[in-house]
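So the structure is just underneath, and the comments pick up after that.
Quick note: the coordinates plus some simple rules give every number you see, no bench work behind them. None of the values given here were measured: they were computed from a predicted structure. Cβ sites come from the backbone with ideal geometry, for glycine too, and all protein chains shown count toward neighbours.
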Amino acid sequence: MNLKEIKEVINTYQLSIKKHYGQNFLIDQNVVGKICELSNITKDINVIEIGPGIGSLTDEIVKRCNKLMCYEIDSQLINHLNKRFNSDNVLIIEQDFLKSDLKKDIDAFFDDKDIYVISNLPYYITSSIILKLIDNRYLVKQLTLMMQKEVADRICSKPSTKDYNSLSVLVQYYSNPKQIIQVPPSCFYPSPDVNSTVVKFEFYETKPFTAINEDFFKSFIILIFHQKRKTLVNNLKQDKRFTIDIIKTIFNKNNLVENVRSEQLTIEQIVNLCNDFYEVITNAN
Ligand code: SAM
């Protein structure tokens, strides 16, 4: 959809654009085409779109996929979406995606084809949506997500760079994220104050490194990146179970110097460290 078509829909349905829902609609057909092209959607793929908005991306996805299920929180948009995408192959769910029961919805609407998620994300909840998708990685095979450029840089960053943090580690533990399209503000209406990047993630079928307990791993990475200016030791000490003796023993085993910082560690080093702490704690119980 171009700007003229988007404005027509806004006028026809007397819509108000809601900044608090992160509403910046795509008006660049070239970007829409590229997102769908690089996602490799085919008639053998079911798609979930988070936040269809007025339907710019939806128009293109629906032409290419098997079935499409969309979650839209803004009740004002639902009438228009149901009319525009009135087909047995499309289901518009009026709901906050973060509150959805993904498994139940998938079982009710999709057949057993692979599922891809595509979204021009509402930027105010980017991390929460990614965390939910990671938790549901057994249900979906691939994600193509447009987000604020700074968040994309963090997600794809490597150790010893300023952007590397707990989100980078968590995402790269489960997947291999790649930045595939850079999108300037002029491609949206209204245009946002930030640059955007489309990131494609495929979840690993076999992860390169494995944490013994993934819930413990998640809390471990939050702990070690908690205060960026502190050393790894000082962040670890915030957990009272990790005494200085335990920390020293595990650092020796992993060949780590005392003043190392969390952002210097590779995913492999973090997983090894995490597993050692996990073993000490479980053996103590
Ligand atoms: N896909 C459209 C496009 O590219 O033009 C709209 C993208 S806009 C950046 C984000 C969309 O997500 C908006 O339509 C907004 O109403 C919707 N949204 C915001 N929060 C949501 C939530 N928690 N669950 C589902 N949709 C949400």
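Summary of values
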| item | result |
| --- | --- |
| Residues of segment 47-77 that turn out to be surrounded by fewer than 17 Cβ atoms within 10 Å (Cβ to Cβ) and farther than 23 Å from E37 by Cα, as a count | 2 |
| When residues of segment 170-229 are limited to those that are of a type in the set (D, E, K, R) and in contact (Cβ under 8 Å) with a residue 12 or more places away in the chain, the one farthest from V31 (Cα to Cα) | K228 |
| So T249, is it surrounded by fewer than 19 Cβ atoms within 10 Å (Cβ to Cβ) and among the hydroxyl-bearing types (S, T, Y) | yes |
| Every residue from segment 101-139 that is aromatic (F, W, Y) and part of a helix (DSSP H, G or I) | F109, Y123, Y124 |
| Exclusive hit being within 12 Å of the ligand (Cβ to nearest atom) and either in contact (Cβ under 8 Å) with a residue 12 or more places away in the chain or touching a Leu at 6+ places or on another chain (Cβ under 6 Å) (or both), set S39, S16 | S16 |
| Which numbered condition K63 misses (of (1) within 16 Å of the ligand (Cβ to nearest atom); (2) in contact with a helix residue (DSSP H, G or I) (Cβ under 6 Å, 6 or more places away or on another chain)) | (2) |
| Yes/no for V32 being within 10 Å of the ligand (Cβ to nearest atom), within 22 Å of the chain's Cα centre (by Cα), surrounded by 14 or more Cβ atoms within 10 Å (Cβ to Cβ) and over 22 Å from L131 (Cβ atoms) | yes |
| Enumeration of residues in segment 122-131 that are more than 10 Å from the ligand (Cβ to nearest atom) and surrounded by fewer than 19 Cβ atoms within 10 Å (Cβ to Cβ) | S127, L131 |
| Hits in segment 90-116 (condition: without any contact (Cβ under 8 Å) to a residue 40 or more places away in the chain, within 20 Å of G55 (Cβ to Cβ) and not β-branched (V, I, T)) | L91, E94, Q95, D96, S100, D105 |
| Those residues of segment 222-246 which are buried (at least 16 other Cβ atoms within 10 Å of the Cβ), farther than 25 Å from I155 by Cα and basic (K, R), in sequence order | none |
| Any hit, segment 192-200, residues being among the hydroxyl-bearing types (S, T, Y) and outside any helix (DSSP H, G or I) | yes |
